[in-house]
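Notes follow the structure.
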Amino acid sequence: MSDTQLYPTADQTVGPYYGIGMEYPGSEELVPHGSAGSIVLSGYLYDGNGAPVPDGVIEIWQTDADGNIPTDSGNLVRKAGSFGGFGRSGSDDDGYFQFTTVLPAPTAAGKPAFFAVVVFARGLLSRLHTRIYVPGPELDADPFLTRLTPERRATLIATPVAGGLRHDIHLQGEKETVFLAFN
Amino acid sequence: MDDIPKSAANYPPGHPTQADISAEIADIAANHPTSSDPNWGAHRTLIDYPPYRSSILRHPSANLELVDPETIELASPAFGHRDVHWTEYDLTQMVNGEPQGERIIVTGRVTDADGRAVAGQLLEIWQANAGGRYRQKKERHPAPLDPNFNGVGRVLTGADGSYKFVTIKPGAYPWPNHENAWRPAHIHFSVFGSAFTQRMVTQMYFPGDQLMPLDPIFQSITSARGQKSLISDYDHDVTVPNWALGYRWDIVVNGDSRTWFESLDGPEEDA
């Protein structure tokens, strides 16, 4: 690290009481549930024993259905007809989380579409970045995905289900999700 | 959360003592990190940190995959005055009357590692009250709730990245990690940067707190610089006469994780 760089502030866990500071009404609904074009993105958060993590936080940040990067505010206080692109869901006693949103589109033709994801939890000392890719032919040509083993790649790709997508996140273990560091 | 026994005799057999945890902390600090920890290179927060027992099954074992951020990750969600009311910076005025405790001001700037301001972005904070009690059902610490304190605040940073909260100094509180475990006083901060790669949640501590050396969450950062990055400075120029003590704490967001991979042989020098 060069002398001109400021030393980055270190991460800490969200702890068990993040609910009082991070939960807000409508955090999981980027668009109204059941609205035209909406999908449900849902899944379960698991620990290294495959047990549910009941005190995690999943955040998503995504393009809109046309591949635009949202610039609308209103991510804490939603506004009809506006799309802010950010959502937050706690994991419940089953480790379950869900979002109502739209399918993100690629920012450029031929690129894969994905949700950018950050995971926090009690017991997790630092945020973890990952992605949830929307299934499609573009994934087979993506330089990042193709460099992963098939087992590791699969941890980043959602499964189509009725009404939307299902995607589980494993913090540790045989099915451990691929987590990211950025260049 | 489990009930916290009030005497050692009530702990289950084999429950670690503070001496056990302190020995583990010292061992890791003396250069025996869990070598698989993907954060070890940066010598910042270790995520495979067994003294914090809840971390054992909740950290990835594989190295983080180094990728180029995509355009969506180089942008950040937008928050505006629709989202955050201007009064939410003052945690002492959220209910009907003044909360119990020592009124404080916490102020600083949010920048990236190059010193560029993170402007107009969301900071969310939450904390215990002066007695060390959080306003949440799961909380079992037998300290009183304060009817005039919710312990939650939000602000949007200014054009220069500046922020200010008015609150009360949180109390230390016990937790079940080990026998006689106490968290140092801290305020939780949720920070959005200018890019989603910079998203972070952390905790701000107070200078001189004697519980920091004993706390496995704080000690999961093993370098002096990393630890210092979480400790606010008392600043008499922030203190307002006859009203509140002032603390200054700057936040540096960092989406660039390359340093995690550059020094896998060991810690950075604490220059």
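The values are calculated or read from the model by the stated rules, or taken from the named source; none is laboratory data. Here the structure is a predicted model, which means the values were calculated and not measured. When we count neighbours, we look across all protein chains shown, and the Cβ atoms used for this are built from the backbone with ideal geometry, even at glycine.
Odds and ends about this structure:
- When the stretch A:41-68 is filtered for residues that are within 18 Å of the chain's Cα centre (by Cα), within 19 Å of A:V134 (Cα to Cα) and in a loop (DSSP other than H, G, I, E, B), the ones remaining, listed by number, are A:Q62, A:T63, A:D64, A:A65, A:G67, A:N68.
- The set of residues in the stretch A:66-94 that are of a type in the set (S, T, Y), modelled with pLDDT of 95 or more and either closer than 26 Å to A:G56 by Cα or touching a strand residue (DSSP E or B) at 6+ places or on another chain (Cβ under 6 Å) (or both) comprises A:S89, A:S91.
- Here A:T71 fits the description: of a type in the set (S, T, N, Q), within 24 Å of A:S35 (Cα to Cα) and more than 15 Å from the chain's Cα centre (by Cα).
- In the stretch A:103-121 there is no residue that is more than 16 Å from the chain's Cα centre (by Cα), surrounded by 22 or more Cβ atoms within 10 Å (Cβ to Cβ) and either closer than 27 Å to A:Y17 by Cβ or at pLDDT below 95 (or both).
Condition check ((1) crowded, with 17+ Cβ neighbours inside 10 Å; (2) more than 11 Å from chain B (Cβ to nearest Cβ); (3) touching a His at 6+ places or on another chain (Cβ under 6 Å)) across all residues:
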site: A:Q5; (1), (2), (3): no, no, no
site: A:T13; (1), (2), (3): yes, no, no
site: A:P16; (1), (2), (3): yes, no, no
site: A:E23; (1), (2), (3): no, no, no
site: A:E28; (1), (2), (3): yes, yes, no
site: A:G37; (1), (2), (3): no, yes, no
site: A:L45; (1), (2), (3): yes, no, no
site: A:E59; (1), (2), (3): yes, no, no
site: A:S89; (1), (2), (3): yes, yes, no
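Rundown of residues vs (1) modelled with pLDDT of 95 or more; (2) in contact with a strand residue (DSSP E or B) (Cβ under 6 Å, 6 or more places away or on another chain), yes/no style:
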residue	(1), (2)
B:K169	yes, yes
B:P184	yes, yes
B:F189	yes, yes
B:A195	yes, no
B:I217	yes, no
B:A224	no, no
B:S232	yes, yes
B:V238	yes, yes
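- Of residues in the stretch B:78-125 being outside any strand (DSSP E or B) and of a type in the set (G, A, S), the one farthest from the other protein chains (Cβ to nearest Cβ): B:G97
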